[in-house]
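Presented below is the structure to which this report refers.
The values are calculated or read from the model by the stated rules, or taken from the named source; none is laboratory data. Since the model is a prediction, treat every value here as computed from it, not as a measurement. Heads up, the Cβs are rebuilt from the backbone with ideal geometry, glycines too, and the neighbour counts pull from every protein chain shown. Accessible surface is based on the protein model in full, side chains and every heavy atom, while ligands, DNA and RNA are left aside. Shrake-Rupley method; radii C 1.70, N 1.55, O 1.52, S 1.80 Å.
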Amino acid sequence: MRVVGLMSGTSHDAVDAAAADLTLHDEGSVLRLAPHGMVSAPYEPALRRALAAALPPSPTSMADVCRLDTGIGQAFAAVAVRADRELCGGRAELIASHGQTVYHWVSGGRVHGTLQLGAPAWIAEATGCPVVSDFRPRDVAAGGQGAPLVSLIDTMLLRGRPGAPAALNIGGIANLTALPATGTPVAFDTGPGNALLDAAVRETTSGRAGYDEDGALAARGRVHTPLLRRLLAEPYYRLPPPKTTGKELFHAEYLRTALEGFGTLAPPDLLATLTRLTARTVADALRPLGATEVIASGGGTRNPVLMAMLRQELAAGTALLTSGALGLPAAEKEAYAFAVLGFLTLHGLPGNAPECTGADGPRVLGSLTPGRRPLRLPPNPARTPVALVVRPG
């Protein structure tokens with residue numbers, strides 16, 4: 001089945017669409033993924049400004065939410081049409097849309113709800129394909145964190161690798177999945193990946209830049225140890241997994257509060273400190289799990305200063321590589337992951353890893369919006385695949 005996976009992460013800068021052929025093998029125990037590449041498009045500036053203005057802790061209105069749901073749905077639809085045309089030759093059979101997370105309701109260590117915008121009807125109407133969307137709420141309703149949902153795909157990819165492998169995604173928020181040498185897989189959000197870094201760049205450049213390109217600012221700075229110490233005192237880091245977080249916690253106002261009493265820091269020093277914070281919190285989360293290799297993906301992998309700091313912080317002997325080594329380019333992995341989740345849903349198979357999210361058990365995720373043709377579901381496989389193998393298309 002040819003599937004397009006759509007993704008926009010917590011950095012809310014662009015919509016990514018990755019296309020793949022997905023087939024079951026070995027009596028359904030192995031899912032084979034043949035990648036066809038990715039297309040990406042930034043949000044239109046007005047839409048991105050409206051989205052940023054509506055995110056916590058800013059107030060918003062139901063009218064704003066409605067407009068965003070439509071605008072984001074139309075943006076996702078446009079990228080899906082491109083992906084079908086440019087990557088699938090017009091033969092896409094299914095679209096899987098993560099949507100844009102705008103709120104993750106965490107209180108008392110539990111997730112009570114999660115909201116992703118991007119009405120799937122616009123995607124179904126534009127492409128003619130059925131659309132699986134709204135993946136996270138079912139896991140939350142079953143008592144889970146609703147994240148990181150990629151943990152199922154990570155465990156399928158990592159299974160069989162030597163030692164204690166871990167997958168790391170550094171987006172706006174960083175998350176990991178680890179397969180310890182003994183025991184069950186573990187997955188959780190480690191803290192701010194790029195969230196505070198991006199907030200600091202926007203603040204210090206008055207919005208002229210949105211991120212520290214190639215880590216250039218951080219490379220010129222020195223870590224401000226007292227600020228780093230204050231930031232590391234954040235209680236979230238000491239919570240036991242499963243746990244998730246988001247920009248509801250790590251946002252510009254959070255950073256302003258942390259800076260109180262330190263005067264005006266030079267932007268390079270601030271960026272160096274925040275880059276060290278991300279590297280330190282990721283390494284601190286991995287260390288108790290005994291990770292022997294870390295396979296990284298996400299936008300943070302394009303920051304050489306962050307990757308260098310992460311190598312310094314990881315335990316001695318822990319290898320750091322990117323998901324490209326497994327056949328999924330670092331920038332594309334999450335979009336492929338949601339293509340897999342959509343495939344599983346259409347086939348009536350669970351898409352969560354309850355040992356990672358904390359859900360009461362395996363659940364079929366998402367909602368299905370029919371395309372233009374009569375909806376015909378494929379037969380349910382006899383078993384859920386336990387391994388994901390990437391093979392060139």
| field | Other-chain or far-sequence residues with amide H under 5 Å of THR322's (modelled H) | value | ALA296
| request: Rank LEU197, LEU24, LEU314 by mean-square fluctuation in a GNM of the chain with C-alpha springs under 10 angstrom and give only the top-ranked residue. | output: LEU24
| Hey, rough spin-label estimate for ARG110 and ALA63, points 7 angstrom out along Cα→Cβ, what's it come to in nanometres? | 3.6 nm
| query | Over the C-alpha atoms of region 93-149, what are the Rg and the largest Cα-to-Cα span, Dmax, in Å? | reply | 12.9, 42
| said: Quick check on packing: order 2-11, 40-49, 342-351 by the mean number of other C-beta atoms within 10 Å, highest mean leading. | reply: 2-11, 342-351, 40-49
| Quick one: helix 45-54 against the long Cα principal axis of the chain, what's the angle to the nearest 10°, folded into 0 to 90? | 70 degrees
| Taking the chain as a Gaussian network, Cα atoms linked when under 10 Å apart, which of LEU375, LEU286, LEU310 shows the biggest mean-square fluctuation? | LEU375
| message | Can you list residues from other chains, or at least 5 along the same chain, whose modelled amide H is less than 5 Å from the amide H of HIS224? | response | THR273
| field | Mean residue ellipticity (222 nm) of the chain, computed from DSSP H runs ≥ 4 via -39,500 (n - 2.57), nearest 500 | value | -10500 deg cm²/dmol
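Which value, in Å², gives the accessible area per residue of the chain when a 1.4 Å probe is used on the protein heavy atoms?
Per residue, the chain has an accessible area of 41 Å².
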| query | Tell me, what HN-Hα J-couplings in whole Hz come from the Karplus equation 6.51 cos²θ - 1.76 cosθ + 1.60 at θ = phi - 60° for each residue of region 225-236, using x for Gly and Pro? | reply | 4, x, 5, 4, 4, 5, 5, 5, 7, 3, x, 4
| If you wrap a convex hull around the C-alpha atoms of region 279-354 and split its volume per residue, what is the figure in Å³? | 106 Å³
| said: Given a 1.4 angstrom probe, I'd like the percentage of the accessible area of region 234-393 that is carbon and sulfur, rounded to a whole number. | reply: 56 percent
| Hey, what angle do you get for helix 267-286 against the long axis of the chain, alpha-carbon based, 0 to 90 degrees rounded to 10? | 60 degrees
| Under the definition of Cα pairs under 8 Å and six or more residues apart, what whole-number percent is the relative contact order of region 122-208? | 18 percent
| query | Just how far, in whole angstrom, is region 198-277 from region 69-86 if you go by their alpha carbon centroids? | reply | 33 Å
| Roughly to the nearest percent, how much of the accessible area of region 153-223 is carbon and sulfur, given a 1.4 Å probe? | 48 percent
| Test item: Cα-centred dipole of region 215-330, Lys/Arg +1 and Asp/Glu -1 on Cβ, debye | 140 debye
| message | Considering all projection directions equally, how large on average is the shadow of the alpha-carbon convex hull of the chain, in square nanometres? | response | 18.3 nm²
